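Input: a single structure, listed below in structure tokens.
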Amino acid sequence: MAEAVHIRNLVKRFDSPDSPGQSVFAVRSANLEVKPGELVTLLGPSGCGKTTLLRMVAGFEEPTSGDILFGDRRMNEVAPNRRDAAMVFQSYAIFPHLSVYENVVFGLRLKKLSADEIKKRADRVLAISGLTHMATRSPNQLSGGQQQRVALARAIIMEPRVLLFDEPLSNLDAKLRDQMRVEIRELQQRLGITTLYVTHDQIEAMSISDRIVVMNSGVIEQIGTPREVYAHPATRFVAEFIGKANFLNATVRDGQTIDVAGVPVPYVNQANAGDQLTVVLRPEAIALSDQGGDFPATVKRAMFLGNIAEYLIEVDGVGEWLVDSPNPGESGLFQPGSRVFATPSRAALHALS
Amino acid sequence: MFATARSQIRVLARDPILLALVVVIFAAILIFVVYPLAMVFLASLQDRSQWTLANYALIGERRLYRNALWNSLSVGALVGFIGVIIGYIAAFVLTRLDVPGKRLLHYLMIVPIISPPFVSAVSIVFLFGNNGLITRQLLGLMDFSIYGFHGVVWSQIFTFAPIAYLSLRGVLASISPTLEDAALNIGASRWQVFRKVTFPLSLPGVASAFLVVFIESMADFGNPLVLAGAAFPMLAPQAYLEITGSFNLPRGAMLSVILLLPSITAFAIQRYWIAKRQYVTVTGKPTASTSKVVSGPVKSFLYGLVLLFSAIVILFYGVIFVGAFTQVWGFNYTPTLNHFAYVFNVGFDTVKDTLLIAIITTPISGIFGMLVAFLVVRRTFPGKSALEFGSILSFAVPGTVVGIGYVLAFNQQPLILTGTLTILVLCFVFRYVPVGIQSGIAVLRQIDPSIEEAAQNLGASALTTFRKVTLPLIAPAFFSALVYAFVRAMTAISAAIFLVSANWNLMTVQILNQVGSGRLGVAAAYSVVVIALVLVAIIIINAIVVRMTRHMNMVRF
């Protein structure tokens, strides 16, 4: 049942609302292969084109050019109601005039399935979604989390070839969001449905995805597993958008070492001696000590966040770095103004190309 | 631009039913709205098959036509002015002040809207006519004449002030009282608050209400025909008389073009200029606070005015009701059922015809209105704004113009429809659908489009989506569209009077005929029957719409 999704050279151009005759690219030549049963998130800031891309897959937007294929079937010309790509909407889009049950079986009724079959599938899906006892309720009697479950149940009951999520958790509070995230992931893996998932929340993307597509200004910046995009960001944008990052200007000394402000830092590289590099250094990969280390620095700001302490330090002759130190409760905080030494972890460095 | 249109067509082509629908609606609007109007223009430029501007020159040459134009414009302006004052006071009192009996007064204010537009004219004849209860019987005046300027203005104020009231009610209700509180709080006097805050905020609404009343007054046919008299010519009845009396189609067409111009201008100003200058928009939560802008005595005074207007409503309808059961008004006040006997014997065919036409018109108009609203709000296709404009254009076109246009357009090949039921139904559908379209658009704009996308996503075609999701969600607009269509089909006169025939006649036309031949009792009886039918229909339509939406809400295991 699971189906691969191929997106090839997909472009979406809108007429500019401000200057007639001009056009704006919502998506510029996107290429993406989603494997059968895989969950891929489209991640990026608002306006990056991720929702437009998803809506083109659903059929609600017409691509300007390029192809969308489910398996080996080209979908460009297929009407949205024939695509078999069930979608969970950001606003849930629950039919307010129908009961929970009628919402969930809406699509099956259109398929003219037998009453027995509808009842059987509905019972199963309602049970999976924890909605069995509220089947007869009206949607406006439900909480946000319950409405979310109705939207999800209504989509998966279709046993679609592709499942689409458009920021499904953005209207929920933080606790419920964490819980629904886990539920969605478990359900998707159990059913093995190929899934495209749009979000602007990097933690959501990291926790739920097989692979992440990072988008910015209509361009795909990087496609990779959560670990890849975090540890080896392809661009400065990706490094900054996913997690926090310090950017170090370095000069290559040899194949094993780079210079940062005259301090030699071990880093295996293929570049030529003398080349300039921008190196990504994650805040949690920096150790702070008042006993000694690679880079002397002054603490400018210190915040206690419970599991970590978040520092902003001024490294002598280099500039400001963000530093996250684990378990600050055990050792106490460095106060603003105190002198410290910062030592980057060797394994955590990553040069941008 | 071209590429966009092509891609829109490609999207449309994927849903052949939708494409067909758009094409059909376009064609229908072209044939039944634009084509008759064009025919009126063409006819007005002809004389004995020669192209000429001579008809228009007559406006300058003939005093009769000049007076008709001037009279129509001045009556329209005056009625607009006074109607807006009454409407504003009533809206202010009933939305912003804490006074008893608001609900009942609200219903009394809008009763004139659902009755035949010239009921007030008949009432005025009963009360102030040559044998009027007040003028002759009570005051003993012998040489008083209500006919002419005064009669028309009074009758129209009574008929159209409720329209101003309804539109200003929405405007005043949406001005947050906290703005007034804020002004009072920084030291403004009550009068200053009204002059500097409340009134300026409602000004676009006032202008809009004035223009709507002006359009209605210009287009009004029944009141002038009953009350204007020969010495006070007005455009709409004059155009009618040119055609039915002198058989001069070109001149009738010319007069209706003259009639059309101020209406279209007012409509354009109202829609494209004022509508963009509304300060207040409906934000969802109506504020229920009462205004502190008026002092106690002023409040009592304004409330008194509203009570007075409501009392006149009751008086006018009471007079109609009593008149329907009275032997000969002014001479013999013996109670009788003769007038109703006449209506149900001699005139029963007319009652049946009217009812049948209204029953056919109502669902067509309601569904057509919701479909157009749906297409305009939810779909993109080339020529969409033209379609929207075309579909609401007929709102601004006086019925007389429409009637003449239909006679001209459908009296010849390829479409011969004059004298049929079809032409009356078509005329009513296209003439009164704009109100349904507008309310459908307003409701639809407030509904999250992803609800319909969800239906499509789950496999529903455009038509299924409309039927199973959109229509139930816009049930309130659908209801008002149905009611409006029915009420108008029962009470219309200005266009219909050109289209009735021996086979298909309407009660409103009968009322006018009876008034014309002096049988006021029969006219009153017809009016009572029309009002009763309209009330019954509203109750039935309400029940159907409630059941329709409830039914969809039920769980079917």
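The slack in the chain from residue B:47 to residue B:539, taken as 0.36 nm per residue of separation less the alpha-carbon distance, amounts to 172.1 nm.
The alpha carbon radius of gyration of the stretch A:1-108, expressed as a multiple of 2.2 N^0.38 Å, is 1.21. Using only helices, what value at 222 nm comes out for chain A when you add -39,500 (n - 2.57) per DSSP H run of length 4 or more and divide by the total residues, to the nearest 500 deg cm²/dmol? Computed mean residue ellipticity for chain A: -7000 deg cm²/dmol.
Normalised by residue number, the volume inside the convex hull of the Cα atoms of the protein assembly as shown is 243 Å³ per residue. Computed extension length for residue B:203-residue B:104: 32.9 nm, one decimal, from 0.36 nm per residue of separation with the Cα-Cα distance subtracted. With 25 Å as the cut-off, how large is the P(r) tail for the stretch A:246-352, expressed as percent of Cα-Cα pairs? The proportion of pairs with Cα distances above 25 Å equals 21 percent.
Over 24 Å apart at the Cα level, from the set A:111/B:468; B:102/B:196; A:50/B:468; A:12/B:384, are B:102/B:196; A:50/B:468. Count Lys and Arg as plus one, Asp and Glu as minus one, and take only other residues whose Cβ is under 11 Å from that of residue A:244; the net charge is then -3.
Spherically averaged projected area of the convex hull of Cα atoms, the stretch B:20-120: 12.1 nm². Separation of the stretch A:181-219 and the stretch B:245-270, taken as the distance between their Cα centroids, equals 64 angstrom. For the stretch A:165-323, the relative contact order works out to 12 percent when only alpha carbon pairs closer than 8 Å and six or more residues apart are counted.
Working from label points 7 Å from Cα in the Cα-to-Cβ sense, the residue B:247 to residue A:78 distance is 6.8 nm. For residue B:195 and residue B:264, the difference between the fully extended length at 0.36 nm per residue and the C-alpha to C-alpha distance is 21.7 nm. What a 1.4 Å probe finds exposed on the stretch B:60-296 is 66% carbon and sulfur by accessible area, rounded to a whole percent. Of all lysines in the structure, those lying under 18 Å Cα to Cα from residue A:300, and not within fewer than 8 positions of it along the same chain, are A:244.
Think of a 1.4 Å ball rolled over the protein heavy atoms: chain B then has 43 Å² of accessible area per residue. Relative contact order (percent) for the stretch B:60-296, with alpha-carbon contacts under 8 angstrom and 6 or more residues of separation? Reported relative contact order: 31 percent. The value of relative contact order for chain B, using C-alpha pairs under 8 Å at least six residues apart, is 21 percent. Over the stretch B:60-296, the Kirkwood radius and the radius of gyration, each from Cα atoms, give a ratio Rg/Rh of 1.05. Of all accessible surface on the stretch A:1-140 at a 1.4 Å probe, what whole percent is carbon and sulfur? Roughly 49 percent, rounded to a whole number. If one takes the accessible area of chain A alone plus chain B alone and subtracts that of the pair, with a 1.4 Å probe, what total in Å², rounded to the nearest 100, results? Result for this pair: about 2800 Å² buried.
With a Förster radius of 51 Å applied to the beta-carbon distance between residue A:273 and residue A:23, the computed FRET efficiency rounds to 0.65.
Here the label points at residue A:261 and residue B:20, each 7 Å from Cα along the C-beta direction, are separated by 7.5 nm in the simple model.
Judged by the gyration tensor of its Cα atoms, with axes a ≥ b ≥ c, chain B is rounded; a/c sits under the 1.5 cut. With the largest listed first and rounded to whole Å, the semi-axes of the equivalent ellipsoid of the stretch A:294-342 from the Cα gyration tensor are 19, 10, 9. Return the aspartates and glutamates within reach of residue A:119: Cα separation strictly under 18 angstrom, same-chain partners fewer than 8 residues apart disregarded; answer none if there are no such residues. Counting by Cα, and skipping residues close in sequence, residue A:119 has these aspartates and glutamates nearby: A:102, A:159. Per residue, the accessible area of chain A comes to 44 Å², computed with a 1.4 Å probe over protein heavy atoms only. Each residue, residue B:173 and residue A:182, gets one label point 7 Å from its Cα in the Cβ direction; the gap between the two is 4.8 nm. Taken over the Cα atoms of the stretch A:87-225, the convex hull encloses 120 Å³ per residue.
Take the Cα radius of gyration of chain A and divide it by 2.2 N^0.38 Å, N being the number of residues; the result is 1.20.
The values are calculated or read from the model by the stated rules, or taken from the named source; none is laboratory data. The structure displayed is predicted, hence computed values, not measured ones. Virtual Cβ from ideal backbone geometry, glycine too; neighbours counted across all protein chains shown. Note: areas computed on protein heavy atoms with side chains; ligands, DNA, RNA excluded. Shrake-Rupley method; radii C 1.70, N 1.55, O 1.52, S 1.80 Å.
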